[in-house]
Amino acid sequence: EVQLVQSGAEVKKPGESLKISCQISGYRFTSYWIAWVRQMPGKGLEWMGIIYPGDSDTRYSPSFEGQVTISADKSTNTAYLQWSSLKTSDTATYFCARRGDSNNWYWWFDPWGQGTLVTVSS
Amino acid sequence: QSVLTQPPSASGTPGQRVSISCAGSSSNIGTNVVNWYQQLPGTAPKLLIYINDQRPSGVPDRFSGSKSGTSASLDISGLQSDDEADYYCAAWDDSLNGYVFGTGTKVSVL
């Protein structure tokens, strides 16, 4: 069974750094793109970027370029999303999701991780 | 801000049919496949429709998708209380070189 299991909720202060994780199981980690998606409280879904763990090819949405770093560790089958200096506006739930098309012809995402709530408050 | 526009809400009584529209442009829906996601309250999004009109295993055939030009729609027939959720369309956008989600539609069962 394909599973994406995310790290637990975090409470941080503005200016602090953070790295959240998405551990996968049930398929070859290096063969599928992994995306990160933000959902601010009461708001819709925003695509942040993607990474191909096979060669670490990474692409960011213009809205998130320079604001976060997406990475992957092939040795632990884990994808990461990190911030070097959090802002209160980073308060949101963050989801990871796997590209669904094994042939890499079309874009859709399935399955999804359960989400990680990040709260940034002074 | 999203480049795919959906109505903020839709509603119906049990058993009725509800339709949700998704308006895009030539760089996204006009060129690439459309997907739909269902997000039940407090849970992660779940893939509902992929490649315009395909249902993943386990998704009831009450849910159907279609695409025409730069627009798409999701139909829910035989509405059930379990269908109360937020629904998002999505597609790859060639101009942005990224994946874009719709603004989301909250479906209520009256």
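The values are calculated or read from the model by the stated rules, or taken from the named source; none is laboratory data. Remember, predicted model here, so these are calculated numbers, not experimental data. Here the Cβ positions follow ideal geometry from the backbone for every residue, glycine too, while neighbour counts run over all protein chains shown. Only protein heavy atoms, including side chains, enter the accessible area calculation; ligands, DNA and RNA are left aside. Shrake-Rupley method; radii C 1.70, N 1.55, O 1.52, S 1.80 Å.
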Fill in the blank from the handout: Of the accessible area of segment B:9-109, computed with a 1.4 Å probe and all protein chains kept, carbon and sulfur make up a percent value of 43 percent
Practice task
With a 1.4 Å probe on protein heavy atoms only, work out how much accessible surface A and B bury together, total over both chains, in Å² to the nearest 100.
Solution key: 1600 Å²
Problem - Alpha-carbon centroid distance for the pair segment A:24-65 / segment B:54-85, whole angstrom - result: 25 Å
Problem - Per residue value of the accessible surface for the protein assembly as shown (all protein chains in place, 1.4 Å probe), Å² - result: 45 Å²
Problem - Rounded to 5, the percent of DSSP beta bridges in the protein assembly as shown classed as antiparallel - result: 90 percent
Exercise for the section: Report relative contact order for chain A in percent, whole number only (criteria: Cα-Cα under 8 Å, sequence separation at least 6). Expected result: 35 percent
Completion exercise
Taking a label point 7 Å from the Cα of A:SER121 along Cα-to-Cβ, the residues of segment A:14-50 whose backbone nitrogen sits under 19 Å from it are A:14-18, A:39-43
Problem - A:MET40 versus B:SER66: modelled label distance in nm, points set 7 Å from Cα along the beta carbon direction - result: 3.6 nm
Handout entry: Estimated inter-spin distance, A:ASP73 and A:THR30, nm [label 7 Å along Cα→Cβ]
Key = 1.7 nm
